[in-house]
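Engineer: Have a look at this one before I ask anything.
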Amino acid sequence: MNKNLTDIFKGKIILITGGTGSFGNAVVKRLINTEIKEIRIFSRDEKKQDDMRKNFKQKKITYYIGDIRDKDSINSAIRNVDYIFHAAALKQVPSCEFHPIEAVKTNIIGTHNLLTCAVSNKVEKVICLSTDKAVYPINSMGMTKALMEKVSISNSILSNETIIATTRFGNVMASRGSVIPLFCKQIYEKMPLTITNPKMTRFMMYLDEAVDLVFYAFKNACPGDLFVQKSPASSIEILYKAMMEIFNIKESQIDIIGTRNGEKLFEVLISREEMSYALDNGKYFKIPFNIANKEYKNYEEVGSKILSGEEEYTSNNTYQLSLHEMRNLLLDLPIIKLLINGKYDISY
């Protein structure tokens, strides 16, 4: 890891909400051998915490059973914390569609609870994790994550000591519940690959790149900032054809089922409105918070010629991976390497 980032975490206590998930495990792997003082894992799932405890076995990690819906459980974990990675959320689209109030309680109210506790405990920095589904949302998960972002911004305005910022991700390859582990499971069980719409496009980002983005935000964030990584994209057709090449799958093993409820044709990471003032920092876009944009006149009597001409940043207008490039990306994934050797990791 970058030496400057090592210095940032030296002697610090960090809290990861939803810390037993893919992102939390990746962060722990990156930080456990640095000079960080303590990593606190905060989540509801005692089984996953026990698995994590057995996997890492370092004394630097402490575990807190709790729920971001409950301020008391947050306060018990947040004392003396310097930094927070806020990854806890209800993320599954079907779950949020069938139980939208539960998504509201966790993604919106839970985030407000956490940020209120962070400010009152004088935490130095909080980075909240969001999703492309928050941009022009069409499902409950995206809608609640969009409001989570607004909650993050509003709390950043009110706080004088705690810096609160947000990162927004597209598709993180092989993250829990995503399409690549599903394909791997189907291949392992000798089932057909279920394809939705071959023309769909999705950003392709490694989990380690997601961690890099959050660390970059940590180093560079001002209150209310939003950070997005520039990522290549692939159509679902290119993705499944790359899987076919790797595992010698025949066309007869492909089952095109059509677009599912709550799915978009392509991902949008930055809206047209946000692109009008986004800053291009090379590998990343930074969308700074501008208090002037929140003045009532901008909603009633003042227009913007810049807004009229911008285009959103999507998985359709970013760099498109070739079949060869997609194949090479897949071959770097641990879950693919396992499956090539006839094994499948059920933890995905």
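No lab work stands behind these numbers, since they all come straight from the coordinates. Here the structure is a predicted model, which means the values were calculated and not measured. Cβ coordinates were reconstructed from backbone atoms using ideal geometry, including for glycine residues, and neighbour counts include every protein chain displayed.
Engineer: For HIS112, HIS324, what ranking results if the residue with the fewest other Cβ atoms within 10 Å of its Cβ goes first?
Structural biologist: Ordered by Cβ neighbours within 10 Å, fewest first: HIS324, HIS112.
Engineer: Report, in whole Å, the centroid distance computed from the Cα atoms of region 96-112 and region 35-75.
Structural biologist: Cα centroid of region 96-112 versus Cα centroid of region 35-75: 22 Å apart.
Engineer: Suppose only helical runs count, i.e. DSSP H with n ≥ 4. What mean residue ellipticity at 222 nm does that imply for the chain under -39500 (n - 2.57) per run, divided by all residues and rounded to the nearest 500 deg cm²/dmol?
Structural biologist: That calculation yields -11500 deg cm²/dmol at 222 nm.
Engineer: Suppose we keep just the DSSP beta bridges with both residues in the chain; what percent of those would be antiparallel, to 5?
Structural biologist: Taking every DSSP beta bridge within the chain, about 25 percent pair in antiparallel fashion.
Engineer: Within region 120-226, what is the number of lysine pairs with alpha carbons under 21 Å apart, leaving out pairs fewer than eight places apart on the same chain?
Structural biologist: Here the count comes out as 8.
Engineer: Please find the FRET efficiency linking ASP50 to ILE101, where r is the Cβ-Cβ separation and R0 is fixed at 30 Å, and quote it to the nearest 0.05.
Structural biologist: According to the calculation, E is roughly 0.50.
Engineer: Let me ask you something else. In what sequence, highest mean first, do 30-40, 263-273 appear when ranked by Cβ atoms within 10 angstrom?
Structural biologist: Order by mean packing, descending: 263-273, 30-40.
Engineer: For ASN316 and ILE257, calculate 0.36 nm times their separation in residues minus their Cα-Cα distance, and state this gained length in nm to one decimal.
Structural biologist: Length gained between ASN316 and ILE257: 19.1 nm.
Engineer: So if each residue of separation counts as 0.36 nm, and I subtract the Cα-Cα distance between ASN281 and GLU189, what length gain in nm does that give?
Structural biologist: 28.7 nm
Engineer: Putting +1 on Lys and Arg Cβ atoms and -1 on Asp and Glu Cβ atoms, find which of VAL119, ILE256, GLY282 reaches farthest to the positive end of the dipole of the chain.
Structural biologist: Positive-most Cα among the choices belongs to VAL119.
Engineer: Just flag the trypsin sites (Lys or Arg not before Pro) in region 63-117 sitting in loop per DSSP whose Cβ has no more than 14 other Cβ atoms within 10 Å.
Structural biologist: Passing both the DSSP loop test and the Cβ count: ARG79.
Engineer: Related question: Relative to the Cα centre, what is the charge dipole magnitude of the chain, using +1 at the beta carbon of each Lys and Arg, -1 at the beta carbon of each Asp and Glu, and rounding to the nearest 20 debye?
Structural biologist: Dipole about the Cα centre, nearest 20: 1060 debye.
Engineer: Multiply the residue separation of LYS230 and GLU124 by 0.36 nm, subtract the distance between their alpha-carbon atoms, and state the gained length in nm to one decimal.
Structural biologist: Computed gain between LYS230 and GLU124 is 35.4 nm.
Engineer: Report, in debye and to the nearest 20, how large the dipole of region 178-232 comes out about its Cα centre when Lys and Arg carry +1 and Asp and Glu carry -1 on their Cβ.
Structural biologist: Using Cβ point charges on Lys, Arg, Asp and Glu, region 178-232 gives about 260 debye.
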